[in-house]
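Below is one structure; the comments refer to it alone.
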Amino acid sequence: MGIFYFFSGIVVGICFWKINDKRKYNNWKAKIEKEDIMFRLVESSKDIVYRYEVKPQMRHSYISPSADHILGDGMVKEIYRNPHVPLEIIHPEDYDIMFKKITGQIDYSKPLIQRMRCLDGTYKWFEEYATPIYEQGEVVAIHGIIRNIDEKVRLRQNLEYQLIHDALTEVHNRFYFEQKMDEFDTKVDEAIAIILCDLDELKQVNDKYGHKQGDDLIKEAGKLLNAFSSPYLTVSRIGGDEFVLLIQGMNKEEIEELYKRMSSELSGNEQSEKDMAVKMSIGYAFVPSSLGKMTALFKEADDNMYQNKMKKKKNTMPYGNRVLAK
């Protein structure tokens, strides 16, 4: 009878062992399947997923295949071969971001915006979320996700462009001009000149040939004025037929020379068979120090422009029967 209970115990024990072993096997299988799913998701991701070892030596322990698709075929192989690739392909202006990221000197809670060079030599914009791995208080590795944001950047740049540019002429707009006026009036002390320009006889053109022709005349005026643009000279359209040139860093003699050249080119005498006759009344004002003087400077330029317009009205004929090119 005792032997019966002994073998019965063995049988029951074996059954429990098999049941427990099966549970372990199922748990292990589920874990492997889950890891396999995660791996396949990472491998098929359009974003670049990576793990970068910083210590004991710099190397990529993983980089997803999407790096080839985004940065150029062969980039994955090069990244595994050369641990310094991240520092070599980063845009020079963004180098500090990359260096601080791998040395633990950056705020990892915020997205990192940076540009990287593709194998074809072009740069692309990326947004990265990086997570550091610490050992004994030191960053030993970083893993992260990098997403190409070229479309997002282009959209933002387009919106920023539209915010400060005139839709008709594509020169700067009044909003931009007023921002610069405030900047030089309250923050930046600089030698500043304003040349104010006003289209002559726009009303006559609109009345005789229609507003489409009037708009074409305004566009042509913007094109001619924009030819004077430089890093130190900006052109803005601040009204229907009114433009302003804001010039920094020139002395009074240089401004007077520019004014004479503009007066000649905007007299309407340079009209070709294909171009419209752009005639503008202009006036300028100059100050060697801009702080607190921008409002008075603009008024002086406006007064001088008005005097120029009145003088020209006495000596010029209206468009009359002259036909503008369409």
For residue 62 and residue 232, calculate 0.36 nm times their separation in residues minus their Cα-Cα distance, and state this gained length in nm to one decimal.
56.3 nm
Treat every Asp and Glu Cβ in the range 49-115 as -1 and every Lys and Arg Cβ as +1, leave all other atoms uncharged, and give the resulting dipole magnitude about the Cα centre to the nearest 20 debye.
280
Could I have the simple spin-label model distance between residue 256 and residue 189, label points 7 Å from Cα toward Cβ, reported in nm to one decimal?
2.6
Is the shape of the range 160-265 best called rounded, prolate or oblate, per the rule: a/c under 1.5 gives rounded, else a/b larger than b/c gives prolate, else oblate, with a ≥ b ≥ c the square roots of the Cα gyration tensor eigenvalues?
oblate
What number do you get for the range 55-158 when its Cα radius of gyration is normalised by 2.2 N^0.38 Å, N = residues?
1.08
Is there a pair in 219/313; 187/252; 180/314; 212/293; 260/299 whose C-alpha atoms are over 28 Å apart, and which pairs would that be?
180/314; 212/293
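Bear in mind that the values in this text are calculations on the coordinates, not laboratory data. Keep in mind it's a predicted model, so treat the numbers as computed, not measured. When we count neighbours, we look across all protein chains shown, and the Cβ atoms used for this are built from the backbone with ideal geometry, even at glycine.
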